[in-house]
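Data first, discussion second: the structure below is written as structure tokens.
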Amino acid sequence: MKTQVFYSLALLCLGLLGACSRDSRVGYETSKPAPTTGTTLTQETALSGDSTTYPYDLWIGRAVTRVEQEPNASRLKIELVRWSQNPYGGSDAIFCATNPGNHPVLVWNVRQQVSFAHRDGAAKPWETRENDYPGRGWSHSTIPAGGSVQFPMLSPAKTSKTEWRVCLLYSRELAGSHPPSSRFGGDFESISPSVREPDEQ
């Protein structure tokens, strides 16, 4: 019981810090479309109309944060590792986030977005289904330089034709900053390739 109360208080503190501190991260989606292009597991396919020029605005509490994208050589790399059945009867996609940069990163928001095709043939929009501080599978939210973290994401797919992806928002440790008093700056985004749940598992 005490553990549950402590955990609830810790989450509440994180939320309050996110509302008032630029370097404590709890994010909320804006009405703007999510940036960058999507890819499938078998081939890279640009989704026309599914791009936004960085930086773009993201609401964090009542404040607007300017989200940017790091150069490809430093940006977090997100890839699908495997599919797995979870204890609740659903399918988990196990992703791996790798930090190729020279400084640690703090992942402060994990989003799951689903793509829906319009009947009139218009571009597929991305709809955010999940938007949270790193949760299930994340033992820590900091990824050291050269390090990686694997985490599960419950598939929202009704059929194998449903495309979805994971978006990570993160900040990078500032030069001259060291644990245990690390400071993180910048608001960056990395998006996984689009995935589809396999027909048979």
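Protection proxy ranking for 144-150, 178-184, using the average of other Cβ atoms within 10 Å per residue and placing the highest first: 144-150, 178-184. Here the calculated FRET efficiency for N102 and K161, from their Cβ-Cβ distance with R0 = 41 Å, stands at 0.50, rounded to the nearest 0.05.
Would you mind computing, in nm to one decimal, how far apart the modelled labels at V81 and S177 are, each placed 7 Å from Cα along Cα→Cβ? Rounded to a tenth, the inter-label distance reads 2.6 nm. Modelled spin-label separation between T53 and I94, with each label point placed 7 Å from Cα along the Cα-to-Cβ direction: 4.2 nm.
Read the figures in this text as sums done on the coordinates, not as results from a lab. Computed from a predicted model, the values in this text were never measured in an experiment. A quick note on method: Cβ atoms are made from the backbone with ideal geometry, for glycine too, and the neighbour counts reach across all protein chains shown.
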